[in-house]
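**Q** Dropping a structure here in structure tokens format, bear with me for questions.
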Amino acid sequence: MKIIDNWKSIDFKKVLDLYDSVGWSAYTNDPDTLLKAFENTTYVLLALEGDKVVGALRSVSDEVSIHYLQDILINPEFQKKGLGRKLLEKSLDRFKEVRTHMILTDDEEKQLLFYQSLGYKNTKSLKDIPLNTFVKMNGVELS
Ligand SMILES: CC(C)(COP(=O)(O)OP(=O)(O)OC[C@H]1O[C@@H](n2cnc3c(N)ncnc32)[C@H](O)[C@@H]1OP(=O)(O)O)[C@@H](O)C(=O)NCCC(=O)NCCS
């Protein structure tokens, strides 16, 4: 297993195969948009097994105030083996000078456990330093 930060050295179709493997069809149905997102991402990591892309992470940051984790995905055959942790720890280390690390995630137990195990706190659970997270999404009626 190899982790690289130069995603442009890899055939982008292999990245699409990874997004396909976790069913993220909103991305795979529109490869040009995903490519644009990659091009504008501050830090990308890919995990390679042979010539297959089995994991990816995309972080967006201003290098000072905010490190936002946009995507992290591991091919299901390679999940629960510590690879997601490895990628996210690498990104947290890359942005260790940054004050706030954020992620917006689905309300699923396995994702909550994953982020909690890496030191993230759900703002809903905070008592001593109460915070709220607000979100607005284009084209989505949030209620
Ligand atoms: C979420 C995801 C990235 C985790 O990656 P992973 O490589 O399977 O996770 P790891 O093996 O590194 O697990 C790290 C920790 O997360 C937790 N965890 C991960 N998967 C879990 C699961 N299915 N159930 C419970 N806890 C889980 C464990 O607490 C684990 O702790 P440990 O290191 O002490 O064992 C992976 O499941 C995935 O790609 N899912 C599909 C895409 C997705 O939902 N991405 C997140 C979008 S917000």
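Each reported figure results from applying straightforward, stated rules to the coordinates on display, with no laboratory input. The structure presented is a predicted model; accordingly, all values stated were derived computationally and were not measured. Every residue, glycine among them, receives a Cβ derived from its backbone with ideal geometry; neighbour counts consider all protein chains shown.
**Q** If I go through the stretch 84-125 residue by residue, how many of them are part of a helix (DSSP H, G or I) and over 14 Å from residue 67 (Cα atoms)?
**A** 16
**Q** Something else now. Could you list all residues from the stretch 25-53 that are closer than 16 Å to residue 8 by Cα and in contact with a strand residue (DSSP E or B) (Cβ under 9 Å, 6 or more places away or on another chain)?
**A** Matches in the stretch 25-53: 37, 38, 40, 41, 42, 43, 44, 45, 46, 47, 48, 53.
**Q** I would also like to ask the following. Return only the number of the condition from (1) more than 26 Å from residue 34 (Cα to Cα); (2) polar (S, T, N, Q); (3) touching a Lys or Arg at 6+ places or on another chain (Cβ under 7 Å) that residue 70 does not satisfy.
**A** Exception for residue 70: condition (1).
**Q** Then there's this: Tell me, please, whether a residue that is touching a Ser or Thr at 6+ places or on another chain (Cβ under 6 Å) and surrounded by 10 or more Cβ atoms within 10 Å (Cβ to Cβ) can be found in the stretch 23-36.
**A** No: the stretch 23-36 contains no residue that is touching a Ser or Thr at 6+ places or on another chain (Cβ under 6 Å) and surrounded by 10 or more Cβ atoms within 10 Å (Cβ to Cβ).
**Q** Can you pull out every residue in the stretch 83-129 that is loosely packed, with under 11 Cβ neighbours inside 10 Å and within 8 Å of the ligand (Cβ to nearest atom)?
**A** Result: 104, 106, 108, 109, 110, 113.
**Q** So, in the stretch 118-131, how many residues would count as being in contact with a Ser or Thr (Cβ under 9 Å, 6 or more places away or on another chain) and more than 19 Å from residue 106 (Cβ to Cβ)?
**A** Of the residues in that region, 2 qualify.
**Q** Within the stretch 82-120, how many residues are in contact (Cβ under 8 Å) with a residue 40 or more places away in the chain and out of contact with any His (no Cβ under 7 Å at 6 or more places or on another chain)?
**A** Residues flagged as in contact (Cβ under 8 Å) with a residue 40 or more places away in the chain and out of contact with any His (no Cβ under 7 Å at 6 or more places or on another chain) within the stretch 82-120 amount to 6.
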